[in-house]
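Undergrad: Pasting a structure here, questions to come.
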Amino acid sequence: MNSRQTALSTDDYLDLYLLAKEIKDETWQQETLAALKTQQNRSFEEKQSALVQEIWEDFKQLNEDISFTYHLIQKEPTNEQFQTKLRHLRERRITLSRELYLAKKQYVEHTQ
């Protein structure tokens, strides 16, 4: 998009659609609806992409925390606090894996 172009908001598209309907221009109505759907799809894809990226970053950090906790357990194998922390980290990793799977699934379903 160059500096002279501006993005239309959903409200703008709806206003254009209503205007086209009022003047009974069905072609313009269909074009406006198509543009609105394209904008909404793009917006959804951008949000899903950001969500997947955020989950991946959390997942990477979690793996680093798990690795660090393993090293702590190797130094103190009988420390129950470290064992409990590791258990919680593993549970969180399972939750993040599910979130990632669902986010990717929604993205794929939406783009088909």
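Undergrad: Does Thr78 fit the bill of being of a type in the set (Val, Ile, Thr) and part of a helix (DSSP H, G or I)?
TA: So Thr78 does not fit the description; no.
Undergrad: Still on this structure: From the residues in the range 25-38 that are under 25 Å from Glu109 (Cα atoms) and not acidic (Asp, Glu), which one is surrounded by the most Cβ atoms within 10 Å (Cβ to Cβ)?
TA: Restricting to residues being under 25 Å from Glu109 (Cα atoms) and not acidic (Asp, Glu), the top hit is Thr32.
Undergrad: Counting only residues that are open to solvent by less than 90 Å² (accessible area, probe 1.4 Å) and either aliphatic (A, V, I, L, M) or touching a residue at least 24 places away in the same chain (Cβ under 8 Å) (or both), how many does the range 75-93 have?
TA: So the answer is 3.
Undergrad: Here's a follow-up. On the basis of being open to solvent by 60 Å² or more (accessible area, probe 1.4 Å), more than 28 Å from Gln112 (Cα to Cα) and at pLDDT 85 or above, does Glu22 make the cut?
TA: Spelling it out, Glu22 is indeed open to solvent by 60 Å² or more (accessible area, probe 1.4 Å), more than 28 Å from Gln112 (Cα to Cα) and at pLDDT 85 or above.
Undergrad: Applying the selection to the range 19-56, what residues are of a type in the set (Val, Ile, Thr) and more than 13 Å from the chain's Cα centre (by Cα)?
TA: Ile23, Thr27, Thr32, Thr38
Undergrad: Return only the number of the condition from (1) within 27 Å of Lys104 (Cβ to Cβ); (2) surrounded by 15 or more Cβ atoms within 10 Å (Cβ to Cβ); (3) not aromatic (Phe, Trp, Tyr) that Asn41 does not satisfy.
TA: (2)
Undergrad: Tell me yes or no: at least one residue of the range 56-73 is of a type in the set (A, V, I, L, M, F, W, C), farther than 27 Å from Phe44 by Cβ, open to solvent by 90 Å² or more (accessible area, probe 1.4 Å) and part of a helix (DSSP H, G or I).
TA: yes
The values are calculated or read from the model by the stated rules, or taken from the named source; none is laboratory data. All values reported here derive from a predicted model rather than from experimental measurement. Because the Cβ atoms are built from the backbone with ideal geometry, glycine has one as well, and the counts that use them run over all protein chains shown. Surface accessibility is based on the protein's heavy atoms, side chains included, excluding ligands, DNA and RNA. Shrake-Rupley method; radii C 1.70, N 1.55, O 1.52, S 1.80 Å.
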